[in-house]
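Computed from the coordinates by the stated procedures, all read-outs in this text should not be read as laboratory data. What you see is a predicted model; the values in this text were computed from it and never measured. FYI the Cβ positions are ideal-geometry reconstructions off the backbone, even for glycines, and counts take in every protein chain you see.
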Ligand SMILES: N[C@@H](CCC(=O)N[C@@H](CS)C(=O)NCC(=O)O)C(=O)O
């Protein structure tokens, strides 16, 4: 019989325009887990986060019993194991694997374009920097304009021009976003959520880039309005859906229209993860990588994303034999198979991220490294 225990209210420490805070908000709402958003305040919270979860990154979640957690992906997996009613992850192992792959891609690959659109265009950069200067740096004794300027510079150096975006590849990065919109638009014209009539972990994954970035920042929002109105509807639909009230069904298997997304994962994301693993293995904090015809110069290395690649492998290896065979054929068809296994061994730290979601070892991208 389904579990009906009502979760207690949790505290979501984050920022109200942050990518991963927005992902957790969508998760908690859809899943019916009551939460209170508490805006992180710098610099005091830095010490508290480092003490409680090992890292300064948002969001961090505090359970009703006071225990702290970090990392949206592992937190969601933990909550799903605690409250197994109203399933967010399909029972079909192939669909579950597809969800985990899409979530990882949404988290890690769409971060850079989302940061680009936020910080490249002055209209969005001024809105976001003033907002964060007030929300997150409110207690820092300096004028808002100065804090906003410092934030814009930090975010560009950390996540856009300092992470592989150059004048030569901006057009291609923006074209990849528009291609994603076309792919998602085609899906949402056919059904309300990525895997059917009910939201899955794949939708929650995409709420990261979309909810607080692409569908909030003025430049990408206008592109979505004009080119992908069904995607805009999906953003609001997900926010307004409660799994407890959903009676819709999943689609069967992995539908054909997800093929274009898988092609992009195989063509760009997984090869990027391999190049990142090469860089980490070689001790290079910056590296150049060309994927799908687009050159990223001076991308930052990420130890965390080496672990992401390991996680994708582990999800595949955890599939039952029959599902492994189908998954392998699917991954092969979309050029995902070879890059999934290309690097051996992976340059992981000893026991890296073993204590997630309660303690993290590495940040997704270290802006100060
Ligand atoms: N893997 C983490 C990533 C969290 C993350 O990188 N959050 C960003 C803000 S949305 C952050 O805190 N960055 C740290 C910084 O900018 O120093 C998750 O899934 O929660």
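Give the percent of DSSP beta bridges with both residues in the chain that are antiparallel, rounded to the nearest 5. Rounded to the nearest five, the antiparallel share is 70 percent. Shape analysis of segment 1-139 places it in the oblate category; the axes a ≥ b ≥ c from the Cα gyration tensor give an a/c of at least 1.5, with a/b not above b/c. Convex hull of alpha carbon positions in segment 118-269: directionally averaged projected area 10.8 nm². With neighbours defined as other Cβ atoms within 10 Å of a residue's Cβ, the residues 149, 234, 110, 337 order from fewest to most as 149, 337, 110, 234. One Cα centroid belongs to segment 298-369, the other to segment 1-65; the line between them spans 24 Å.
With neighbours defined as other Cβ atoms within 10 Å of a residue's Cβ, the residues 239, 105 order from fewest to most as 239, 105. Taking the Cα atoms of segment 275-369, the ratio Rg/Rh between the radius of gyration and the Kirkwood radius comes to 1.01. Between residue 324 and residue 245, the FRET efficiency estimated from the beta carbon spacing at R0 = 25 angstrom works out to 0.10. Does the chain classify as rounded, prolate or oblate by the C-alpha gyration tensor (a ≥ b ≥ c root eigenvalues; a/c under 1.5 gives rounded; else a/b over b/c gives prolate, otherwise oblate)? Rounded, because the longest to shortest axis ratio a/c is under 1.5. Among 341, 119, the ranking by other beta carbons within 10 Å of each residue's beta carbon, starting with the fewest, stands as 341, 119. Once you order the gyration tensor axes a ≥ b ≥ c over the Cα atoms, which shape class does segment 1-71 get: rounded for a/c under 1.5, otherwise prolate or oblate by comparing a/b with b/c? Cα axes put segment 1-71 in the prolate bin.
Restricting the calculation to Cα atoms, segment 119-197 shows an Rg/Rh of 1.16 when the hydrodynamic-style radius is the Kirkwood one. Under the simplified labelling scheme, the residue 288-residue 153 pair shows an inter-label distance of 2.8 nm, with each label point 7 Å from Cα along Cα→Cβ. With a simple spin-label model that places each label point 7 Å from the Cα along the Cα-to-Cβ direction, the separation between residue 139 and residue 123 comes to 3.6 nm. How many angstrom separate the Cα center of segment 184-209 from the Cα center of segment 86-140? Using only Cα atoms to place each centre, the spacing works out to 15 Å.
Tell me, in nm to one decimal, what length is gained between residue 257 and residue 237 on full extension, where the rule is 0.36 nm per residue of separation less the Cα-Cα distance?
5.2 nm
Taken along the Cα-to-beta-carbon direction at a fixed 7 Å, the label points for residue 349 and residue 146 span 3.4 nm.
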